[in-house]
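These notes concern the structure reproduced below.
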Amino acid sequence: MALDPSQALNIAHVLTEALPYIQRYQGKCMVIKYGGNAMVDEALKRSFARDMVLMKLVGIHPIIVHGGGPQIGALLARLGKESRFVDGMRVTDAETMDVVEMVLGGLVNKQIVNLINSHGGHAIGLTGKDGPLIYAHKLSLSRRREALEAPEIIDLGHVGEVSSINTQVLEYLTRGDFIPVIAPIGVGEDGTSYNINADLVAGKIAEVMQAEKLIMLTNIVGLLDQQGELLTGLSAERVDELISDGTISGGMLPKMDSVVDAVKAGVKRAHIIDGRVEHAVLLELFTDSGIGTLIERQ
């Protein structure tokens, strides 16, 4: 059935608006943190997979880092094990680490890979232990308490932070026709497995790959001020101020820390966008207005 003139004009406008962005980003690397509702809603999962395939087809190189916190929590609950968090980090003992590896490296990672491939892409699933891709070390977390002269050291177990990224693995895959899908599990020099916050992994990969953009899919419209208004066009220094005054807190801290570090290290732009919107990544990349919060070097 033929389109009516208004529909045809709208489609033509969308395509012409997208063209200069496609030309600008050809050959560029984009790191996408995939999580939240976008990972569990079936329509959103399909739209995300199609977005990744389209990006690769037009010459952009997406690298996906995924979370899986709700899925980990659900399996731990079925096993009768309580989840505990400190500053947005999951406390991870040896038993919990086994669950993390099963859920992230197995179930979730392969579901994403299969979905992208079913839409015509060529996705490759990895954990940081493959390659090895991500070397890590134990994360040390400290808190200052008024009653204590020295900071309190909090043991999070098998929670790690990135020591280094093997860029050769990613360069090999992105130069080919592959879309890397990475579970945020690192490995220590002694072979110990570490659970790493996916936001931090995405930020570090964006840094070392000198990505054009770091895109964080979330369950909110973007970064909000204390009056609930959307903030955008922020510098890394302004984000630091928002952390200091308490506007950014809790589970948003690791996300914003990784964004700020990436931008300061050379990533041109970072975006916090609403993963509950279908085709959110394409709307951010290929439209004049975009969506969500933009953080950039100034």
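The values are calculated or read from the model by the stated rules, or taken from the named source; none is laboratory data. Note that the coordinates shown come from a computational prediction; the quantities given were computed from them, not determined experimentally. A quick note on method: Cβ atoms are made from the backbone with ideal geometry, for glycine too, and the neighbour counts reach across all protein chains shown. Heads up: the accessible areas ignore ligands, DNA and RNA and are worked out on the full protein's heavy atoms, side chains in. Shrake-Rupley method; radii C 1.70, N 1.55, O 1.52, S 1.80 Å.
Quick notes
- Residue ID - nearest to Ile22 (Cα to Cα), chosen from residues in segment 256-295 that are open to solvent by 60 Å² or more (accessible area, probe 1.4 Å) and among the acidic types (Asp, Glu): Asp288
- All positions within segment 270-289 that are in contact (Cβ under 8 Å) with a residue 40 or more places away in the chain and either in a loop (DSSP other than H, G, I, E, B) or more than 17 Å from the chain's Cα centre (by Cα) (or both): Gly275, Arg276, Glu278, His279, Phe286, Thr287, Asp288
- Some residue of segment 55-64 being touching a residue at least 12 places away in the same chain (Cβ under 8 Å), part of a helix (DSSP H, G or I) and within 17 Å of the chain's Cα centre (by Cα): yes
- Odd one out for Ile124 among (1) assigned to a helix (DSSP H, G or I); (2) open to solvent by 50 Å² or more (accessible area, probe 1.4 Å): (1)
- Candidates Lys81, Lys110, filtered to the one that is open to solvent by less than 70 Å² (accessible area, probe 1.4 Å), without any contact (Cβ under 8 Å) to a residue 40 or more places away in the chain, among the charged types (D, E, K, R) and out of contact with any helix residue (DSSP H, G or I) (no Cβ under 6 Å at 6 or more places or on another chain): Lys81
- Any hit, segment 238-253, residues being assigned to a strand (DSSP E or B) and buried (at least 16 other Cβ atoms within 10 Å of the Cβ): no
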